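Here is the structure we will look at.
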Amino acid sequence: MPSFERESNRIVIAGASSLLGAELKSLLEESKFASWDFRLVDEEVAVGTLTEAGGEAAVIQPVEEGTFARARLVFFTGSPEFTRRNFKAAKQSGGRIIDLSGAAFAEAETEVWFPGIESIRKRAFHSEGAVFATPSTAGLAIIALSFALRGMGLRHLSATFFQPVSESGRGGIEELESQTGQLLLFQSVGKAVFDAQVAFNLLDRFGAASSQRLAEVRERVRREARVLLEGADFVPAVQVVHAPVFYGTAFVASAAFDPLASGLNLEKIEAACKSAGFVIAASSEDAPSNVSVAGGTSIHLAAPEQDSGRRDIWWFWGAADNIRLPAWNAVKLAEKLVP
């Protein structure tokens, strides 16, 4: 690597105005990187936003020539399109790229990491590269569940994820909040972000005029799964729907096993899930929800349940913090890259 990279203590957060960018910055400031030089950049619409970095006032800047110069670490936390537009410039800087937007999964050189991946993927982590990525909360959930169950006669796995409006940023949160109040007062609702009624409503797609696309979220989760499960017998089926909640990704998954598989029981399935990093609820009263997992850095599962009509099928209910978890994983990845 260039000598300047070894000496530089500069971090660029590209997409700093996003909820994910703000969470990442907060966690970095509580880590070994707290004293580093933070450069906050984003798309034109967010330029000029007043924030803070390292305890001092900071203004989000546009991406310009030299933005990534002397950066030792570059985090992408904005939209996939924003990452793709600036990926080449970031790579040319010589810094290590950590992508949280999902765009880098399309790059063959990308090394994917999350806690515990070495043990479940059965190969060493390649830390010598320049481009790294961490999966979304939904992607991590289906990947970890696939790894946990695939040695137990697993024949099919499908999952439906319930996406909160925080995945669409502060605008999504504000629109759900305003629509909730408007509907309770029997008023017509504003639809600037989603072009649809998102309050008190479940949807598999937003309005045609919305820039938010659930189909693109589904494809991102599927792509993340394909990359990590390359060589597996099958790739899980994934669906993503809008849920009228502010934070937290919840999901329900169904796993079909070989009916002739021997020794398959609750204890064995729970042990496999725990080894893949899941936290299993101690009782039915402790089953996770999008509220209970707020601020957490693990994916929580209720006790798996066997289907009463199909004994070869087991059901899984889980939830995780959709903002904190990927941000926390990205910081842990940075700590591995910069010992």
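For S284, state whether it is closer than 24 Å to L301 by Cα and open to solvent by less than 70 Å² (accessible area, probe 1.4 Å).
Here the answer is no, as S284 does not meet what is asked.
Any idea which of (1) free of Cβ contacts under 8 Å to residues at least 60 places away in the same chain; (2) out of contact with any strand residue (DSSP E or B) (no Cβ under 9 Å at 6 or more places or on another chain) is the one T297 doesn't satisfy?
(2)
Can you name the residue in segment 299-327 that is open to solvent by 40 Å² or more (accessible area, probe 1.4 Å) and touching a Gly at 6+ places or on another chain (Cβ under 9 Å) and is also nearest to E270 (Cα to Cα) among such residues?
The extreme case among them is H300.
Run down A199, A208 and say which single residue is in a loop (DSSP other than H, G, I, E, B) and in contact with a helix residue (DSSP H, G or I) (Cβ under 6 Å, 6 or more places away or on another chain).
Testing whether each residue is in a loop (DSSP other than H, G, I, E, B) and in contact with a helix residue (DSSP H, G or I) (Cβ under 6 Å, 6 or more places away or on another chain) leaves just A199.
What do you reckon, is G94 of a type outside the set (F, W, Y) and either part of a helix (DSSP H, G or I) or out of contact with any helix residue (DSSP H, G or I) (no Cβ under 8 Å at 6 or more places or on another chain) (or both)?
no
Using the structure shown, decide if V165 is in contact with a His (Cβ under 9 Å, 6 or more places away or on another chain) and surrounded by 14 or more Cβ atoms within 10 Å (Cβ to Cβ).
Against the criterion (in contact with a His (Cβ under 9 Å, 6 or more places away or on another chain) and surrounded by 14 or more Cβ atoms within 10 Å (Cβ to Cβ)), V165 qualifies.
Kindly indicate the residue of segment 239-257 that is of a type in the set (F, W, Y) and open to solvent by 10 Å² or more (accessible area, probe 1.4 Å) and also nearest to G139 (Cα to Cα) among those meeting that condition.
Y247
Which ones in segment 106-123 are in contact with a strand residue (DSSP E or B) (Cβ under 7 Å, 6 or more places away or on another chain), part of a loop (DSSP other than H, G, I, E, B) and hydrophobic (A, V, I, L, M, F, W, C)?
Correct list: W113 only.
Quick grid of which residues meet (1) touching a helix residue (DSSP H, G or I) at 6+ places or on another chain (Cβ under 6 Å); (2) open to solvent by less than 20 Å² (accessible area, probe 1.4 Å); (3) assigned to a helix (DSSP H, G or I):
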site	(1), (2), (3)
A104	no, yes, yes
F125	yes, no, no
A141	no, yes, yes
A144	no, yes, yes
R150	no, no, yes
T160	no, no, no
E174	no, no, yes
S188	no, no, no
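Given the condition assigned to a loop (DSSP other than H, G, I, E, B), at pLDDT below 95 and in contact with a Leu (Cβ under 9 Å, 6 or more places away or on another chain), answer yes or no: does some residue in segment 20-33 qualify?
No; the residues of segment 20-33 include none that is assigned to a loop (DSSP other than H, G, I, E, B), at pLDDT below 95 and in contact with a Leu (Cβ under 9 Å, 6 or more places away or on another chain).
Could you pull out the residue among S262, S275 that is at negative phi, without any contact (Cβ under 8 Å) to a residue 60 or more places away in the chain, hydroxyl-bearing (S, T, Y) and open to solvent by 20 Å² or more (accessible area, probe 1.4 Å)?
Of S262, S275, the one residue that is at negative phi, without any contact (Cβ under 8 Å) to a residue 60 or more places away in the chain, hydroxyl-bearing (S, T, Y) and open to solvent by 20 Å² or more (accessible area, probe 1.4 Å) is S262.
The values are calculated or read from the model by the stated rules, or taken from the named source; none is laboratory data. These figures come from a predicted structure and were not determined experimentally. Reconstructed Cβ throughout: ideal geometry from the backbone, glycine too, with neighbour counts over all protein chains shown. SASA here: full protein model, heavy atoms, side chains in, ligands and nucleic acids out. Shrake-Rupley method; radii C 1.70, N 1.55, O 1.52, S 1.80 Å.
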